[in-house]
Every structure is written in C-alpha cells, then in structure tokens.
C-alpha cells in the first residue's frame with residue numbers, strides 16, 4: 001500500500017512538473033508562469049469540488065426523499081388506523097369493524113415494526129454518508145484555497161529577483177501542488193465509492209421492501225373495509 005501511494009505521489013509530482021515546465025517554457029518569466037500554474041491548478045481543484053458537491057447533494061436528497069416517502073406512507077397508515085378504531089362503535093362501522101378487527105390489529109403491529117426497521121436502516125445510511133463522505137469532501141472544499149496559498153507559502157515573489165533561490169521556490173510549488181492533488185485523488189476515490197453504494201437499489205433494503213409490500217396489502221384490505229361501510 002505504501003509503495004502504491006508513493007508511486008501515485010511520484011506520478012502526480014511528475015505530471016505537475018511536466019505541466020509546469022510547459023507553462024514556464026511558454027510564458028517566459030518564472031514569476032508570472034508560476035503564478036499562472038498555481039491559478040490553473042486552483043481552478044481545476046475548484047471545478048472538481050463543484051462537480052463532487054453536486055453529486056453529494058443529489059445523493060443526500062435521494063436518501064432524504066426515501067425517508068420522507070416512508071414517513072408519508074406511515075402517516076397515512078396511522079390516519080387510517082385511527083379512523084378505523086375511532087368508528088368501531090358507530091352503526092355504519094360496527095359490523096365491518098368486527099369482520100376486520102383482528103386483521104387490522106395484525107397489520108398495525110407489523111407495519112409499525114417494519115416501519116421502525118426500515119427507518120433505522122435509512123438513518124444508518126445517512127449517518128454513514130455524513131461521517132464518511134462529508135469528512136472527505138471537506139478537504140475537496142478547501143483544496144483550491146490550499147493551492148492558492150502556495151503563492152505565499154512558497155514565497156513565489158522571490159522569482160522576481162535573480163538573487164533568490166529559484167530552485168527552492170519552484171520545488172516547493174511543484175511538490176505542494178502534487179501533494180494536494182494526491183490528497184484530492186484519495187478523497188475523490190473514497191467519496192465516489194460511497195456515493196455508488198447509495199444507489200436506489202441500496203436504499204431499497206429488504207426491511208424497506210417488506211414494509212412497502214405490507215403497506216400495499218393493507219391498502220387493499222382498507223379499501224375492502226371502506227366498501228363494506230358503504231354497503
């Protein structure tokens with residue numbers, strides 16, 4: 001693992017160095033070309049963050065929508081159950097209540113249990129999402145600024161004067177950008193691995209599938225109760 005990371009860091013360093021050489025050869029003065037290199041790399045980091053941020057937001061909305069849909073369905077179930085038991089002693093509902101009392105009581109217990117399990121699974125997905133993705137995304141959010149800060153950290157103003165150590169400034173700049181790019185690559189890889197796990201299929205857990213199926217069965221039974229009352 002250390003060898004792989006070292007290799008990736010070296011490749012990142014060489015890529016930045018190669019790009020910086022092209023800019024330096026083309027732009028001429030070291031200060032202006034180094035300033036341009038930092039600006040371009042900062043812009044690239046900012047674009048990567050924007051793309052990742054949109055993906056993170058979309059997946060977070062996906063999880064929240066699944067939770068909202070579940071809550072809405074359970075609220076509908078609760079309202080129907082309340083209506084059913086509130087009318088048990090009325091003339092219209094009396095006989096129908098007796099016919100379906102045990103069946104509805106069974107649905108009541110099962111739906112509450114399966115709702116709780118499904119809700120817990122979705123909460124767990126969201127918690128994992130917030131702990132892992134958001135933590136890694138925080139670095140992506142500040143990467144562009146970290147690259148921009150290299151102008152001061154590496155003191156590129158020294159490139160304006162021939163009396164200073166230009167090699168040290170350039171090495172600081174290239175190594176700094178390479179290190180930040182490597183950290184960004186690791187964060188991006190982890191973020192996208194987790195985001196891929198949050199597909200619609202992953203959100204449709206066995207417990208949630210069981211709840212939705214039971215809810216549909218209850219809807220059919222309740223429709224039968226309403227028909228009974230209308231007779």
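The values are calculated or read from the model by the stated rules, or taken from the named source; none is laboratory data. Since this is a predicted model, take the numbers as computed values, not measurements. Positions of Cβ are generated from backbone atoms using ideal geometry, with glycine treated the same way; all protein chains shown enter the neighbour counts.
Descriptive notes on the structure:
- Test: residue 150 is under 30 Å from residue 206 (Cα atoms) and in contact (Cβ under 8 Å) with a residue 12 or more places away in the chain: no
Conditions tested, residue by residue: (1) without any contact (Cβ under 8 Å) to a residue 24 or more places away in the chain; (2) under 26 Å from the mean Cα position of the chain (by Cα).
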residue: 158; (1), (2): yes, no
residue: 163; (1), (2): yes, no
residue: 168; (1), (2): yes, no
residue: 171; (1), (2): yes, no
residue: 176; (1), (2): no, no
residue: 184; (1), (2): no, yes
residue: 189; (1), (2): yes, yes
residue: 193; (1), (2): yes, yes
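- Scanning segment 28-49 for residues that are modelled with pLDDT of 90 or more and exposed (fewer than 15 other Cβ atoms within 10 Å of the Cβ), we see that the one that is nearest to residue 217 (Cα to Cα) is 47.
- For segment 62-81, the count of residues that are touching a helix residue (DSSP H, G or I) at 6+ places or on another chain (Cβ under 7 Å), surrounded by 15 or more Cβ atoms within 10 Å (Cβ to Cβ) and free of Cβ contacts under 8 Å to residues at least 12 places away in the same chain is zero.
- Single match in 131, 158 (criterion: over 16 Å from residue 41 (Cα atoms) and out of contact with any helix residue (DSSP H, G or I) (no Cβ under 6 Å at 6 or more places or on another chain)): 131
Condition check ((1) at pLDDT 90 or above; (2) surrounded by fewer than 17 Cβ atoms within 10 Å (Cβ to Cβ)) across all residues:
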| position | (1), (2) |
| --- | --- |
| 160 | no, yes |
| 163 | no, yes |
| 180 | yes, no |
| 192 | no, yes |
| 202 | no, yes |
| 213 | yes, yes |
| 219 | yes, yes |
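- The numbered conditions (1) within 18 Å of residue 38 (Cβ to Cβ); (2) surrounded by 13 or more Cβ atoms within 10 Å (Cβ to Cβ); (3) modelled with pLDDT under 90 are all true for residue 167 except (2).
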